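Novice: What follows is a single structure, and I will ask about it in a moment.
The values are calculated or read from the model by the stated rules, or taken from the named source; none is laboratory data. Just so it is clear, the structure is predicted and the values come from calculations on it, not from any experiment. FYI the Cβ positions are ideal-geometry reconstructions off the backbone, even for glycines, and counts take in every protein chain you see. Keep in mind that these areas ignore ligands, DNA and RNA; they rest on the heavy atoms of the full protein, side chains included. Shrake-Rupley method; radii C 1.70, N 1.55, O 1.52, S 1.80 Å.
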Amino acid sequence: MSDQIAFEDRADDLASVEMMEKAKLDCIETCFDRYDTQKNHCKFGKEGTCCKICYMGPCRITPKSPRGVCGADVDTIAARNFLREVTGGTAAHSDHGRHVALLLKEIAHGKEIGYGIKDPQAVLEIAGLYGLETEGRELNDVVRDLANIFIEDFTSQEDTIKTIGLAPQKTRTTWANLGILPQGIDRMCVEAMHRTHMGVDHDYKNLLMHAFRQSLANGWGGSRIASMASDILFGTPRALKTEVNLGILNEKNVNILVHGHEPTLSDMIAIAIKQPDIVEYAQAAGAEGVTVGGICCTANEILMRHGIPIAGNFLQQELAIVTGAVEMMIVDVQCIMPSLPVIAEHYHTKIVGTTPMAKTIGAEHFEFDEVHALESAKSLVKKAIDNFKNRDKALVSIPNKKESVVAGFSVREIKYMLGGSFRASFRPLNDAIIQNRIKGVVGIVGCNNPKFKTDWYTNTLVKELLKNNVLVVETGCCAIASGKDGKLTPETALEYAGPGLKEVCETVGMPPVLHMGSCVDNTRILEACTEIVKEGGLGDSIAGLPAVGVCPELMSEKAVSISCYCVATGIDVFIGHPFHITGSENVYKFLTEEVKGMFNAAMHFVENPVDAANQIVAVLDEKREKLGINKKYERKLLEQKDRREVA
Ligand code: SF4
Ligand code: MSK
């Protein structure tokens with residue numbers, strides 16, 4: 001076990017530091033220790049210059065051997081590797097979307113199942129986006145039409161996916177002119193695997209353009225479908241208050257953690273723990289009650305809809321078990337570390353997998369019965385309660401650290417915050433941007449990564465941006481980071497906001513950092529950008545908006561796909577460390593410079609968050625300049641006469 005790096009330099013939040021110290025005392029190896037043993041990363045892998053696509057290789061590109069056995073050069077190899085990463089990301093997000101869409105279809109077809117339509121208003125709103133007739137129709141018929149559209153977006157062979165039609169017209173025209181409007185999501189992924197097979201597409205630019213095309217099938221396809229179908233089934237999020245960090249675990253309660261991405265079972269668990277018979281069952285087992293907390297994006301899903309507290313983000317999944325106070329961790333798909341059962345063995349925690357397509361050695365498998373969903377969820381909760389008696393009190397130590405958060409900012413909720421139910425709209429936000437009270441909007445999204453001091457980049461960047469009157473929107477593990485750092489309560493965050501931003505937030509009653517959901521919910525940010533364009537006064541394309549995306553601690557392939565669809569949509573993306581492409585000057589140049597000519601946006605790799613903030617502000621100013629709105633905002637105290645004129 002390594003003690004080369006001080007624990008305080010490993011994570012920005014003290015709960016994690018405390019649990020790293022406990023892990024060391026308990027002789028537990030975590031990802032931070034394993035990172036130390038892995039950190040002399042292979043140069044070829046890091047730079048994207050290793051190819052193992054065929055069995056004449058693997059080939060590694062060096063100055064002495066500039067081509068693989070087949071003749072592929074470094075540009076082809078780096079671009080093929082990159083496209084395969086984007087494919088992994090697109091597939092993960094979109095398959096998640098497919099599962100929710102299929103569930104929606106089953107419900108619409110009347111299959112007896114333990115779920116229903118929770119948000120009929122969302123059905124009508126979303127049907128309207130697709131131009132579906134709703135007047136005088138049964139809700140179920142409309143849902144069936146929507147489910148069919150969603151599913152066809154996966155299978156369409158020749159037609160462009162319909163969901164892309166939700167983007168502004170000018171943005172779509174850009175894609176059409178570049179020939180990157182995507183057909184079916186499945187086809188886009190299969191085509192990527194075909195094109196990167198040995199001996200197919202060798203032109204790095206052609207490969208990279210497919211990466212953008214395919215990523216659009218994610219951001220304006222699979223992910224968007226996941227968010228919409230989830231809103232229909234589980235409810236469109238509304239602002240609510242809860243807590244975040246490991247301190248949400250309760251020593252007197254049975255503690256259950258839900259971890260992963262799909263909301264289907266976790267949503268039902270959130271309902272199950274409130275049932276009186278479950279509370280009685282827990283009390284009979286000697287506990288005071290049951291606490292459910294979330295890890296990663298499942299956490300964000302049930303936080304946004306049920307106010308269930310968040311125990312932690314990606315790098316806290318192992319540390320949560322180290323508290324010794326977790327009876328059960330229920331996992332589904334994505335971002336689950338295979339080490340969990342190994343760590344759980346040292347305590348009493350049961351790791352339970354719930355989906356046949358994602359199994360982990362050492363985890364128990366639970367077959368969730370969607371037909372009797374609530375009963376099934378209750379039976380799993382009871383198993384966790386039964387495990388309470390096995391807890392070793394001597395091993396329990398829960399950090400006394402948690403923060404309040406306000407979350408749940410769907411686009412509908414932002415509109416409501418801005419204009420109330422009578423005049424719900426983006427107008428006040430557009431006006432504030434035009435008047436330069438708000439310089440622009442920055443989305444900070446994505447994971448954390450033990451290569452960095454956990455969450456430090458996000459936390460530093462948020463402070464810098466708020467100071468510069470930038471409205472911050474967040475999803476995924478970055479949103480959890482800000483929650484832990486106390487930036488998701490209106491009061492604390494406003495302390496950091498510049499005068500213009502502060503004025504707007506105070507007037508509207510909105511925090512300057514908005515938690516918009518899980519990593520598939522990045523599409524809510526695209527949806528918000530679309531609303532801003534529709535509202536008027538800031539150009540006719542997302543590419544012209546003063547908006548930027550940031551992925552501070554790039555970890556997963558999903559983040560690579562997200563970065564691509566943001567750039568293709570015209571949003572510059574800042575990333576805390578480079579993709580595995582640095583071995584190819586041409587690929588690097590294409591993604592960081594040349595794409596700007598096509599999308600009016602590019603990738604930027606900036607390792608220091610203060611430098612990133614300065615460069616982001618420069619990008620926002622440049623976009624404001626082009627819109628002709630880059631004037632200094634003068635705060636003017638109105639006299640009675642002026643007020644009458646305004647009225
Ligand atoms: Fe080597 Fe070419 Fe095979 Fe890649 S595809 S492993 S570069 S021979
Ligand atoms: S969970 S993809 S570590 S955001 Fe969505 Fe967090 Fe990234 Fe997983």
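Novice: Could we say that A78 is small (G, A, S), more than 16 Å from ligand 2 (Cβ to nearest atom), more than 29 Å from S482 (Cβ to Cβ) and open to solvent by less than 10 Å² (accessible area, probe 1.4 Å) here?
Specialist: yes
Novice: Quick one: S482 ticks every box in (1) closer than 30 Å to D36 by Cβ; (2) in contact with a Ser or Thr (Cβ under 6 Å, 6 or more places away or on another chain); (3) among the small types (G, A, S) except a single one, so which number is it?
Specialist: If we test S482 against (1) closer than 30 Å to D36 by Cβ; (2) in contact with a Ser or Thr (Cβ under 6 Å, 6 or more places away or on another chain); (3) among the small types (G, A, S), just (2) comes out false.
Novice: Of the conditions (1) open to solvent by less than 20 Å² (accessible area, probe 1.4 Å); (2) of a type outside the set (S, T, Y); (3) within 28 Å of the chain's Cα centre (by Cα), L102 fails just one. Which one is it?
Specialist: Just one mismatch for L102, condition (1).
Novice: Can you spot a residue in segment 407-419 that is within 16 Å of ligand 2 (Cβ to nearest atom), among the hydrophobic types (A, V, I, L, M, F, W, C) and touching a strand residue (DSSP E or B) at 6+ places or on another chain (Cβ under 7 Å)?
Specialist: Yes: segment 407-419 contains one or more residues that are within 16 Å of ligand 2 (Cβ to nearest atom), among the hydrophobic types (A, V, I, L, M, F, W, C) and touching a strand residue (DSSP E or B) at 6+ places or on another chain (Cβ under 7 Å).
Novice: I've got another one for you. Here are some residues: G48, G68. Which one is open to solvent by less than 30 Å² (accessible area, probe 1.4 Å) and on the phi > 0 side of the Ramachandran plot?
Specialist: Matching residue, one of G48, G68: G48.
Novice: Something else about it: Could you list, in sequence order, all residues of segment 57-88 that are without any contact (Cβ under 8 Å) to a residue 40 or more places away in the chain and within 19 Å of V200 (Cβ to Cβ)?
Specialist: G57, P58, C59, R67, G68, V69, G71, D73, listed by residue number.
Novice: Moving on to the next point. In the set C477, C505, C519, C529, which member is free of Cβ contacts under 8 Å to residues at least 40 places away in the same chain and under 29 Å from E125 (Cα atoms)?
Specialist: C505
Novice: Return the only residue of I269, I256 being more than 16 Å from ligand 1 (Cβ to nearest atom), in contact (Cβ under 8 Å) with a residue 40 or more places away in the chain, outside the structural domain of H93 (by TED's automatic domain parsing) and not in a strand (DSSP E or B).
Specialist: Sole residue among the options that is more than 16 Å from ligand 1 (Cβ to nearest atom), in contact (Cβ under 8 Å) with a residue 40 or more places away in the chain, outside the structural domain of H93 (by TED's automatic domain parsing) and not in a strand (DSSP E or B): I269.
Novice: Further question: Do we find that A384 is under 20 Å from K252 (Cβ atoms), in a helix (DSSP H, G or I) and open to solvent by less than 30 Å² (accessible area, probe 1.4 Å) in this structure?
Specialist: When the stated conditions are applied, A384 passes them.
Novice: Given the structure, is T291 more than 16 Å from ligand 1 (Cβ to nearest atom), hydroxyl-bearing (S, T, Y) and open to solvent by 10 Å² or more (accessible area, probe 1.4 Å)?
Specialist: yes
Novice: Please name all residue pairs, on different chains or six or more residues apart, with Cβ atoms under 7 Å, provided the first residue is in segment 606-620 and is in the same structural domain as K453 (by TED's automatic domain parsing) and the second residue is part of a helix (DSSP H, G or I) and open to solvent by 20 Å² or more (accessible area, probe 1.4 Å).
Specialist: Filtered contacts from segment 606-620: V606/Q615; P609/T460; P609/E464; V610/T460; V610/E464; A613/E464.
Novice: Suppose the filter is at pLDDT 95 or above, closer than 24 Å to K558 by Cβ and surrounded by 15 or more Cβ atoms within 10 Å (Cβ to Cβ); does L249 pass it?
Specialist: Considered against the rule, which asks whether it is at pLDDT 95 or above, closer than 24 Å to K558 by Cβ and surrounded by 15 or more Cβ atoms within 10 Å (Cβ to Cβ), L249 comes out as no.
Novice: Which condition number does Q38 fail, the rest of (1) at pLDDT 95 or above; (2) open to solvent by 40 Å² or more (accessible area, probe 1.4 Å); (3) out of contact with any strand residue (DSSP E or B) (no Cβ under 7 Å at 6 or more places or on another chain) being met?
Specialist: (1)
Novice: Could you tell me whether segment 345-354 includes any residue that is within 16 Å of ligand 2 (Cβ to nearest atom), modelled with pLDDT of 95 or more, closer than 30 Å to L25 by Cα and not hydroxyl-bearing (S, T, Y)?
Specialist: no
Novice: I'd like to know if segment 513-531 contains one or more residues that are farther than 18 Å from N449 by Cα, more than 16 Å from ligand 1 (Cβ to nearest atom), of a type in the set (D, E) and more than 22 Å from the chain's Cα centre (by Cα).
Specialist: no
Novice: Quickly run through segment 387-405 and pick out the residues that are part of a loop (DSSP other than H, G, I, E, B) and open to solvent by 50 Å² or more (accessible area, probe 1.4 Å).
Specialist: If the condition is that a residue be part of a loop (DSSP other than H, G, I, E, B) and open to solvent by 50 Å² or more (accessible area, probe 1.4 Å), then D392, N400, K401, K402 are the ones that fit.
Novice: In segment 284-324, which residues are in a loop (DSSP other than H, G, I, E, B) and hydroxyl-bearing (S, T, Y)?
Specialist: If the condition is that a residue be in a loop (DSSP other than H, G, I, E, B) and hydroxyl-bearing (S, T, Y), then T323 is the only one that fits.
Novice: Any residue at all in segment 49-65 that is among the hydrophobic types (A, V, I, L, M, F, W, C), within 16 Å of ligand 2 (Cβ to nearest atom) and modelled with pLDDT of 95 or more?
Specialist: Within segment 49-65 (the criterion being among the hydrophobic types (A, V, I, L, M, F, W, C), within 16 Å of ligand 2 (Cβ to nearest atom) and modelled with pLDDT of 95 or more), the answer is no, since none of the residues qualifies.
Novice: Taking segment 553-588, which residues are within 16 Å of ligand 2 (Cβ to nearest atom) and charged (D, E, K, R)?
Specialist: E553, E557, K558
Yes/no matrix, rows are residues, columns are (1) in the same structural domain as I336 (by TED's automatic domain parsing); (2) in a helix (DSSP H, G or I); (3) of a type in the set (A, V, I, L, M, F, W, C):
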{"position": "M20", "(1), (2), (3)": "no, yes, yes"}
{"position": "C27", "(1), (2), (3)": "no, no, yes"}
{"position": "D36", "(1), (2), (3)": "no, yes, no"}
{"position": "K46", "(1), (2), (3)": "no, yes, no"}
{"position": "I53", "(1), (2), (3)": "no, no, yes"}
{"position": "S65", "(1), (2), (3)": "no, no, no"}
{"position": "F82", "(1), (2), (3)": "no, yes, yes"}
{"position": "T87", "(1), (2), (3)": "no, yes, no"}
{"position": "S94", "(1), (2), (3)": "no, yes, no"}
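Novice: Does A284 count as more than 19 Å from S404 (Cβ to Cβ), open to solvent by less than 10 Å² (accessible area, probe 1.4 Å), away from ligand 2 (no atom under 16 Å from the Cβ) and at pLDDT 95 or above?
Specialist: no
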